[in-house]
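Asks: Quick one: structure below, then a few questions.
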Amino acid sequence: MSLLQKVNSPKDIKQMNFDELNVLSEEIRNLLIDTVSETGGHLASNLGIVELTLALHKVYNMPKDKIIWDVGHQTYVHKIITGRRKVFDTLRQRNGLSGFPKRNESPYDTFDTGHSSTSISAALGLAKARRVNHENYSVVAVIGDGALTGGMAFEALNDAGRSKDNLVVILNDNEMSIEKNVGGLSQYLTKVRTEPSYAKAKRELANFLNKIPTVGSNITKTLIKVRDGIKYVTLPSSIFEELGFTYIGPIDGHNIELLCDVLGRVKNVRGPVLVHVVTKKGKGYTFAEEHPEKFHSISPFNKYTGETNSSTDMNYSKMAGKILTEEAKYNNKLVAVSAAMIEGTGLSQFKKKYPDRTFDVGIAEQHAVTFAAGLATAGLKPVVAIYSTFLQRAYDQIIHDVALQKLPVVFLIDRAGIVGADGETHQGIFDVSFLSHIPNMKIMMPRNYIELEAMMRYAFEYNDGPIAIRYPRGEEKDVNIKDVNLDLESWDTIVDGEDAVILTFGNNVSTAVSIRNELKFDDIDCGIVNARLIKPLDMDCLTNILKSKRQVIILEDNIKHGGLSSLVLEKVNEMPFKYDNRILSYAIDDKYVPHGNVLELMEEENIDKTTIVNDIIKVFDAKRKRTKK
């Protein structure tokens, strides 16, 4: 029987010696590789945090003690050893384990996380609540060096440092976020990790102390000051010490015995403490160690070769990067801005070819948007490529710094709509709603790569304000590229229909085609209009549709409130004539969408082909009955 099979709760970890924990570490890594190769998910970060997770559970007493994991994609090990090992193969599957911490999934999950740089703020809130409630427990925030570049993390460090509350921040330093970290903090941490004189001085002081049988309290305080003096002499002024934290590290994040020793001592330190732990992302799996950015978040793959099971090498992200790179040959004003997502947003080739025109600002979406605004005021054409879910973090900057000034910033909104297995925190279902009410903003969504290219080239020439082009995760669905109308100031009537018309955009165009084909069997002639210009609406086309008295169906992959449905209904209400039919709206209701397969989620949200076909048939059956009477 393996050691892993004996682990059903953190209590089992506490019973193991360090030799057993080292064996357990390798068994957990094997389980991670076996499972994620089948389900997809975040592999490299979890492989790198095995020993640290085990040490945390051995030293602290959860769920009484509170651990908050920044971003949360590195909690697979935590889930395995907190009673979820037997269902770990359901990871990221509908009704299975989430890929992120979920309070409703386990009492060991203290806080729901999915976006970076939030853990220290939440942890400080718990520490303050502990004082107000007169309770006694430890609070630990685990944050990566990539997430530490987010401004929110610095705001929290500043507040926590002056608060003097007992709080432990563990900096998991693996030199990576999703990709190689950038910026001054990254360079600072590199110096801390690699400064030989500091490491040598620490070793010599430790050897000296070990030779002393008994050390009095006064001498101890003096020696601590000597230790701190060494740190300040051999390193640049410690950022964390200046903020009010006791800094400990750097520590080998793969040495369980050392980690347990340090964490055990830290529990008794008063005030805020930062423990700097150095780990290797992807540890134990050669392919992940060599290409941690590829295995940060990966689809199912062959564990023996490291190759993914993808059916094609092209997707919307890569196509957008390809078009941008090609256009940059002729337009030297084009520059690309990324928030630590060069690879994920398809900008790798652009960066390789135009490094001086590529700006990776780290995990700092707010900064990325206002930085782009600055570029635009100087006459450049900034293209900001950000996932839909992460663009939410820069809402004020879009309104205040870009749209208000009508700056010609291009937003490439990747992963728009339902993305699937990453769940609530990553579904891109809000961008149409939070962008559509911003003055001066134009919003588009392509149905295929042909339209994507046309929209991007249109945006590169558009100088009357910001323009957002949203596109889904993965490949194009509408591969029928014949007779594509590229007049992007208007909607595209793909096919006329006498009885009804579906207004939709993006991948949903292909769904609409399937719906039309199904409705033919019930003698319902349904047209399809590609409402690719989401804001402003094509009022000429919309007015003609409403005047025709046909049944209107709206299909979108955005939240209903503020989406295409809302925008159209507002205009219907303003029309000088009456539209007699009830518009059928298929969008996501006022809720968060969980994790699961995209098709499963569409069925659950009642925006799938079968549901819509059945509803339309019922409407027309009712109309026919009334006509017969």
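The values are calculated or read from the model by the stated rules, or taken from the named source; none is laboratory data. Note that the structure is a prediction, hence the values are computed from the model and not measured. Cβ: placed from backbone, ideal geometry, glycine included. Neighbour counts: every protein chain shown. To get the accessible areas, we keep the full protein, side chains included, count just its heavy atoms, and leave off ligands, DNA and RNA. Shrake-Rupley method; radii C 1.70, N 1.55, O 1.52, S 1.80 Å.
Asks: Full extension from LYS520 to ASN544: what is 0.36 nm times the residue separation minus their Cα-Cα distance, to one decimal in nm?
Replies: 6.3 nm
Asks: I'd like the orientation of helix 196-210 relative to the chain: the angle between its Cα long axis and the longest Cα principal axis, in ° from 0 to 90, rounded to 10.
Replies: In the chain, helix 196-210 runs at an angle near 40 degrees to the longest axis.
Asks: Which of these values of Cα extents along the principal axes in Å was calculated from the structure shown: [x] 100, 59, 52; [y] 79, 71, 49; [z] 93, 74, 55?
Replies: Recomputing Cα extents along the principal axes in Å here picks out [x].
Asks: If you count the DSSP beta bridges with both ends in the chain, what percent of them are antiparallel, to the nearest 5?
Replies: 15
Asks: Round to a whole number: what % of the accessible area of segment 540-629 belongs to carbon and sulfur, probe 1.4 Å?
Replies: Looking at segment 540-629 in its full context, I get 48 percent from C and S.
Asks: If I take R0 = 35 Å and measure r between the Cβ atoms of ASP590 and GLU155 in this structure, what FRET efficiency does the formula 1/(1 + (r/R0)^6) give, to the nearest 0.05?
Replies: 0.70
Asks: Next up: In nanometres, what is the gap between the two model label sites at GLU27 and LYS6, each 7 Å from Cα along Cα-to-Cβ?
Replies: 0.7
Asks: Looking at segment 515-618, which chymotrypsin sites (Phe, Trp or Tyr not before Pro) are in a loop (DSSP not H, G, I, E or B) and have at most 13 other Cβ atoms within 10 Å?
Replies: PHE577, TYR592
Asks: Continuing with this model, one more query. Calculate, for THR627 and GLU489, the FRET efficiency according to 1/(1 + (r/R0)^6) with r their C-beta to C-beta distance and R0 35 Å; round to the nearest 0.05.
Replies: Efficiency computed from Cβ-Cβ geometry: 0.35.
Asks: Which loop chymotrypsin sites (Phe, Trp or Tyr not before Pro) in segment 387-434, with loop taken from DSSP, have no more than 15 other Cβ atoms within 10 angstrom of their Cβ?
Replies: Counting only loop positions with at most 15 other Cβ atoms within 10 Å, none of the chymotrypsin sites (Phe, Trp or Tyr not before Pro) in segment 387-434 qualifies.
Asks: If each of TYR462 and PHE577 carries a label point 7 Å out from its Cα toward its Cβ, how far apart are those two points in nm?
Replies: 3.0
Asks: For segment 479-599, what class follows from the C-alpha gyration tensor (a ≥ b ≥ c being the square roots of its eigenvalues): rounded when a/c is under 1.5, otherwise prolate if a/b is larger than b/c, else oblate?
Replies: rounded
Asks: When only C-alpha pairs under 8 Å and at least 6 residues apart count, what is the relative contact order of the chain, in percent?
Replies: Computed value for the chain: 11 percent relative contact order.
Asks: Note down the magnitude of the dipole of segment 365-497 about its Cα centre, charges +1 on Lys and Arg C-beta and -1 on Asp and Glu C-beta and zero elsewhere, to the nearest 20 debye.
Replies: 300
Asks: Can you compute the modelled spin-label distance between GLN349 and LYS128, with each label point 7 Å from Cα toward Cβ, in nm?
Replies: About 4.9 nm, to one decimal.
Asks: I would also like to ask the following. Identify, among ILE616, ASN558, PHE577, the residue whose Cα sits farthest towards the positive end of the charge dipole of segment 525-629, taking +1 on the Cβ of Lys and Arg and -1 on the Cβ of Asp and Glu, with the dipole about the Cα centre.
Replies: The residue sitting farthest along the positive end of the dipole is PHE577.
Asks: Helix 508-519 versus the longest principal axis of the chain: what is the Cα-based angle in degrees, 0 to 90, to the nearest 10?
Replies: In the chain, helix 508-519 runs at an angle near 50 degrees to the longest axis.
Asks: Quick check for you: with a 1.4 Å probe and neighbouring chains kept, what is the accessible area per residue of segment 1-145, in Å²?
Replies: With the other protein chains kept in place, segment 1-145 gives 36 Å² per residue.
Asks: About the Cα centre, and with charges only on the beta carbon of Lys, Arg (+1) and Asp, Glu (-1), how big is the dipole of the chain? Nearest 20 debye, please.
Replies: 1600
Asks: Segment 1-76 to segment 511-555: how many Å between their Cα centroids?
Replies: Between the Cα centres of segment 1-76 and segment 511-555 lies a distance of 52 Å.
Asks: Once fully extended, how much extra length lies between GLU289 and GLU241, figured as 0.36 nm per residue of separation less the alpha-carbon to alpha-carbon distance?
Replies: Extra length available between GLU289 and GLU241 comes to 14.1 nm.
Asks: Here's a follow-up. Quick one: Cα centre-to-centre distance for segment 100-163 and segment 405-462, in angstrom?
Replies: With segment 100-163 and segment 405-462 each reduced to a Cα centre, they are spaced 31 Å.
Asks: Efficiency by 1/(1 + (r/R0)^6): what FRET value for GLU498 and LEU569, r their Cβ-Cβ distance, R0 = 22 Å, to the nearest 0.05?
Replies: For GLU498 and LEU569, the calculated efficiency is 0.40.
Asks: Using only the alpha-carbon atoms, how far is helix 151-163 inclined from the longest principal axis of the chain? Give it as 0 to 90 degrees, nearest 10.
Replies: Long axis of 151-163 versus the principal axis of the chain: about 40 degrees.
Asks: Dipole magnitude of segment 479-550 about its Cα centre, charges +1 at Lys/Arg Cβ and -1 at Asp/Glu Cβ only, in debye to the nearest 20?
Replies: 200
Asks: Same structure again: Could you calculate the contour length gain from GLU20 to LYS64, that is, 0.36 nm times the residue separation minus the distance between their Cα atoms, to one decimal place in nm?
Replies: That pair, GLU20 and LYS64, stretches by 13.3 nm at full extension.
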